[in-house]
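Okay, so here's the structure we're looking at.
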Amino acid sequence: LYSSSHPSHVKNSIPFSQFLRLRRLCSDDSDFFHKSESMCQFFEKRGYPAPVFQAGHHRAQLIDRRSSLQTSQRKERSDRIPFTLTFHPHNHSVKSIILKNSKLLQNDPETGTIFSQPPLVSFKRDKNIGNFLVRSSFQTND
């Protein structure tokens with residue numbers, strides 16, 4: 001559902017990724033247009049705003065099937081130091097504070113060599129009830 005607590009950039013990218021997947025699966029353009037109409041109805045039922053799924057649909061329409069089947073090129077590795085936060089909607093303000101004040105670390109003589117670039121702020125998923133109930137290994141009492 002669009003009302004879920006996932007980050008907005010994740011929720012907004014789902015329609016495009018699904019339309020792109022549909023573009024790869026449909027060898028005929030008429031099949032793509034037919035199936036994409038039903039996918040638009042699906043996103044509407046899930047509470048997605050019309051501009052979000054229409055933009056994803058439009059972006060996928062601009063890509064021809066041959067280029068959608070090609071693998072993407074990976075970007076170069078970055079030397080930025082990662083700063084990982086547990087995802088919560090209020091942690092976006094923490095991210096903006098860190099990025100706004102990263103110049104303090106860059107301009108300091110002791111930390112300037114370490115933080116030559118702003119840190120790469122990322123979010124990780126918090127533990128859910130399944131993490132506490134399910135064990136990934138079998139334990140025996142020998």
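The values are calculated or read from the model by the stated rules, or taken from the named source; none is laboratory data. On a predicted model such as this, the values are computed, not experimentally measured, just so you know. Note: ideal-geometry Cβ built from the backbone for every residue, glycine included; neighbour counts use all protein chains shown. Calculation scope for accessible area: heavy atoms of the full protein, side chains included, ligands and nucleic acids excluded. Shrake-Rupley method; radii C 1.70, N 1.55, O 1.52, S 1.80 Å.
Conditions tested, residue by residue: (1) modelled with pLDDT of 80 or more; (2) out of contact with any strand residue (DSSP E or B) (no Cβ under 7 Å at 6 or more places or on another chain).
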position	(1), (2)
Ser67	yes, yes
Gln73	no, yes
Ser96	yes, yes
Pro109	yes, yes
Pro119	yes, no
Lys124	yes, no
Ser136	no, yes
(request) Please give the number of the condition Arg59 fails out of (1) among the basic types (Lys, Arg); (2) closer than 29 Å to Ser116 by Cα; (3) under 18 Å from the mean Cα position of the chain (by Cα). (result) (2)
(request) Read through the list (1) of a type outside the set (A, V, I, L, M); (2) exposed (fewer than 15 other Cβ atoms within 10 Å of the Cβ); (3) under 30 Å from Phe115 (Cα atoms), then give the number of the only condition that Ser4 fails. (result) (3)
(request) Identify all residues within region 85-112 that are touching a Lys or Arg at 6+ places or on another chain (Cβ under 9 Å) and surrounded by 11 or more Cβ atoms within 10 Å (Cβ to Cβ); write none if there are none. (result) Leu85, Phe87
(request) With a cut-off of at least 2 residues that are farther than 21 Å from Phe123 by Cα, touching a residue at least 12 places away in the same chain (Cβ under 8 Å) and hydrophobic (A, V, I, L, M, F, W, C), name the helices (runs of 4 or more DSSP H) lying wholly within region 1-87. (result) 8-25, 29-45, 50-61
(message) For region 7-29, which positions are closer than 17 Å to Leu62 by Cβ and exposed (fewer than 11 other Cβ atoms within 10 Å of the Cβ)?
(response) none
(message) Name the residue that is farthest from Ser3 (Cα to Cα), counting only residues in region 30-73 that are open to solvent by 40 Å² or more (accessible area, probe 1.4 Å) and of a type in the set (Phe, Trp, Tyr).
(response) Phe33
(message) Going residue by residue through region 76-83, is there one that turns out to be of a type in the set (Ser, Thr, Tyr), closer than 30 Å to Ser116 by Cβ, open to solvent by less than 90 Å² (accessible area, probe 1.4 Å) and touching a Ser or Thr at 6+ places or on another chain (Cβ under 9 Å)?
(response) no
(request) From the list Phe132, Phe115, pick out the single residue that is loosely packed, with under 10 Cβ neighbours inside 10 Å and more than 14 Å from Pro7 (Cβ to Cβ). (result) Phe132
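Determine whether Ser122 is hydroxyl-bearing (Ser, Thr, Tyr) and surrounded by 12 or more Cβ atoms within 10 Å (Cβ to Cβ).
Values: hydroxyl-bearing (Ser, Thr, Tyr): yes; surrounded by 12 or more Cβ atoms within 10 Å (Cβ to Cβ): no.
The answer is no for Ser122.
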